[in-house]
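The values are calculated or read from the model by the stated rules, or taken from the named source; none is laboratory data. Source: prediction; values computed, not measured. Note that each Cβ is placed from the backbone with ideal geometry, even for glycine, and that neighbours are counted across all protein chains shown.
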Amino acid sequence: MGARKTTRAFEKDKAAFFAKCRAEHAPCWICGQPIDYSVPKNTTDDSYSMDHFLPVSTHPDMQFDPAGFRPSHTNCNRARGNKDPYQPIGRLSRVWADESAM
């Protein structure tokens with residue numbers, strides 16, 4: 001696989017998306033857990049990594065579309081690889097919680 005292309009606009013959009021995610025403390029879209037925004041991007045398993053909803057390797061036309069950007073952990077993004085996004089069958093009938101924690 002060759003190197004991905006980039007543009008100034010893409011880099012600007014990525015920076016704006018990161019700033020928004022950090023300000024909102026956006027969780028990882030894959031696992032739902034908090035992202036460690038205090039460390040540099042892509043440096044630890046829990047650090048921020050920008051993911052694409054649709055993998056760039058299979059949807060290169062979507063690489064530059066900010067609507068497809070998602071906040072993720074570096075480790076979650078790496079583990080997901082170029083798989084399509086998880087699609088749940090439907091909504092749960094209720095929110096299940098650990099009752100011992102209540």
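Screening Ala15 with (1) of a type in the set (A, V, I, L, M, F, W, C); (2) modelled with pLDDT of 95 or more; (3) surrounded by 15 or more Cβ atoms within 10 Å (Cβ to Cβ) gives one miss only, at (3). Across the stretch 52-91, which residue is nearest to Thr6 (Cα to Cα) among those that are in a strand (DSSP E or B) and either among the charged types (D, E, K, R) or in contact with an Asp or Glu (Cβ under 8 Å, 6 or more places away or on another chain) (or both)? Out of the qualifying residues, it is Phe69. Return yes or no: is Ser49 among the polar types (S, T, N, Q), surrounded by 15 or more Cβ atoms within 10 Å (Cβ to Cβ), modelled with pLDDT of 95 or more and out of contact with any Asp or Glu (no Cβ under 8 Å at 6 or more places or on another chain)? Yes. Taking the stretch 18-32 as the range and being surrounded by fewer than 11 Cβ atoms within 10 Å (Cβ to Cβ) and not charged (D, E, K, R) as the test, the residues that pass are Ala19, Ala23, His25, Gly32. Across the stretch 29-41, the qualifying residues are those that are touching a helix residue (DSSP H, G or I) at 6+ places or on another chain (Cβ under 8 Å) and modelled with pLDDT of 95 or more, and the one among them that is farthest from Ala9 (Cα to Cα) is Ile35. Contact map, the stretch 53-68: residues that are over 16 Å from Asp84 (Cβ atoms) paired with residues that are of a type in the set (Val, Ile, Thr) and part of a loop (DSSP other than H, G, I, E, B), Cβ distance under 9 Å, separation 6+ or inter-chain. Pairs shown: Phe64/Thr6; Phe64/Thr7.
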